[in-house]
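Enquirer: The following block contains the structure, expressed as structure tokens.
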Amino acid sequence: DVHPMVLAMNALNYDVWVTGNHEYNFGIDTIKKTIADLNCKTLTGNVYDRDGNPIADGYTILEKNGVRIALIGMVTPNIARWDASNLKGCAVTDPLQETRRIIDSIKGKYDVLIGVFHMGINNEYGLANSGVTDILNNCPEFDVMVSSHEHTLIPSMEINGVLVVQNKYQAQTMSVIDLTLEKDSGKDS
């Protein structure tokens, strides 16, 4: 009834989860069931079902110890290439356009902005905005970008002034990001 990986993720008490490209190997109905079974927020702001509804939210804002943390999540648009038959009637939109729209709509509502993108560092197949470099070069508001998809360990790099990390596949590595925040003139910064 509930996939063992979903049970494990629920036991770990994740705050958010972003769909990856392989989730689309099983069709949109399976993804919707997985999302329904998870106890955390699913973020995927650039996939719409056959009825034109987003399969998940593109962002969420969590409050931790008085700090408002906005997280934006997207999946590589190349899922439309690899799983076209499983996405018939669905729409996969440009993650840069979706990200820009979200950032503009939540301006002033967060203290820290983190991207959680199932996309590699660079574009694939020459498709613009399919890598986080394009996103970060156009959205410098991010503080941190957690990239994935390429299965390559990137413990720390900077793109357009934004810290980027990426882990290997199958939980071989785990990134820990420490952020230090300070109040500025009595206002949160």
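Enquirer: Mind checking which residues of region 1-45 are in a loop (DSSP other than H, G, I, E, B) and over 21 Å from His151 (Cβ atoms)?
Expert: Asp1, Val2, His3, Asn13, Asp15, Gly27, Leu38, Asn39, Cys40, Gly45
Enquirer: Starting from region 1-18, take each residue that is within 21 Å of His118 (Cβ to Cβ) and list its partners that are in a loop (DSSP other than H, G, I, E, B) and among the β-branched types (Val, Ile, Thr), counting only C-beta distances under 8 angstrom and pairs at least six apart or across chains.
Expert: Partner pairs satisfying both residue conditions: Val18/Thr44.
Enquirer: Moving on. Could you list, in sequence order, all residues of region 108-127 that are open to solvent by 40 Å² or more (accessible area, probe 1.4 Å), farther than 30 Å from Asn65 by Cα and touching a strand residue (DSSP E or B) at 6+ places or on another chain (Cβ under 8 Å)?
Expert: Of everything in region 108-127, those that are open to solvent by 40 Å² or more (accessible area, probe 1.4 Å), farther than 30 Å from Asn65 by Cα and touching a strand residue (DSSP E or B) at 6+ places or on another chain (Cβ under 8 Å) turn out to be Asn122, Asn123, Glu124.
Enquirer: Name the one entry in Ser105, Ser130 that is open to solvent by 10 Å² or more (accessible area, probe 1.4 Å) and either at pLDDT 95 or above or in contact with a helix residue (DSSP H, G or I) (Cβ under 6 Å, 6 or more places away or on another chain) (or both).
Expert: Ser105
Enquirer: Looking only at region 142-179, which residues are among the small types (Gly, Ala, Ser) and without any contact (Cβ under 8 Å) to a residue 60 or more places away in the chain?
Expert: Within region 142-179, Ser147, Ser156, Gly161, Ala171, Ser175 meet the criteria.
Enquirer: Scan region 82-102 for residues that are polar (S, T, N, Q) and either at pLDDT below 95 or surrounded by fewer than 20 Cβ atoms within 10 Å (Cβ to Cβ) (or both) and jot them down.
Expert: Those that are polar (S, T, N, Q) and either at pLDDT below 95 or surrounded by fewer than 20 Cβ atoms within 10 Å (Cβ to Cβ) (or both): Ser85, Asn86, Thr93, Gln97.
The values are calculated or read from the model by the stated rules, or taken from the named source; none is laboratory data. Quantities reported herein were computed from a predicted structural model and do not represent experimental measurements. Note that each Cβ is placed from the backbone with ideal geometry, even for glycine, and that neighbours are counted across all protein chains shown. Accessible surface areas use protein heavy atoms only, side chains included; no ligands, DNA or RNA. Shrake-Rupley method; radii C 1.70, N 1.55, O 1.52, S 1.80 Å.
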